[in-house]
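Since the structure comes first, as structure tokens, the remarks are kept for the end.
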Amino acid sequence: MDLNNLHVVDLIKKNMRYQAAKERVAAENIANSTTPKYLPKEVAEPDFKNALAEVQTPKLEMVTTNAKHLTHDDAVTKTEDGEFVVYTPKPTSPLTIDGNGVIIEDQLNQANKASGEYNRMITIYNSYQNMIKNANTKINI
């Protein structure tokens, strides 16, 4: 039996890719913690795009009235593989004097949490792999 054909393994792999994307974004936020006017980015939940499409029944187009306004492409991007949405949420804490919104402790906590979740997925994957190996062995009585 091929372990890659199991639906649960696909879910584990998708969660691992999601956690890796969260770690990359947290690292990018930490790297830009001294960049003026930089606001931290986040990775949306995997179902965010589908949920947003269902909510937006009447399609609303983003309109800019000034050349300095952000376009939709500036506010929302994709991860390198194009699987997850990366966006900049509205700041909930005060910004520094130069307009930077990165709180290094929060970003380190997010990266640590994503790393722990990634390791948990590896443990679950290995458990399934061992279960399949044990189920496929012949028992001699």
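No value in this document is a laboratory result; all are computed from the given coordinates. Computed from a predicted structure; not experimentally measured. Quick reminder, even Gly has a Cβ in these numbers, built from the backbone with ideal geometry, and neighbours come from all protein chains shown.
Here are the numbers for this structure:
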| read-out | value |
| --- | --- |
| Simple label model, 7 Å out from Cα along Cβ direction - Leu95 to Thr123, nm | 4.1 |
| Cβ-defined net charge surrounding Lys113, 15 Å radius [Lys, Arg +1; Asp, Glu -1] | -3 |
| Label point distance in nm, Glu83-Leu39, each placed 7 Å from Cα along Cα→Cβ | 2.8 |
| Where labels lie 7 Å past Cα in the beta-carbon direction, separation of Leu6 and Asp106 in nm | 3.8 |
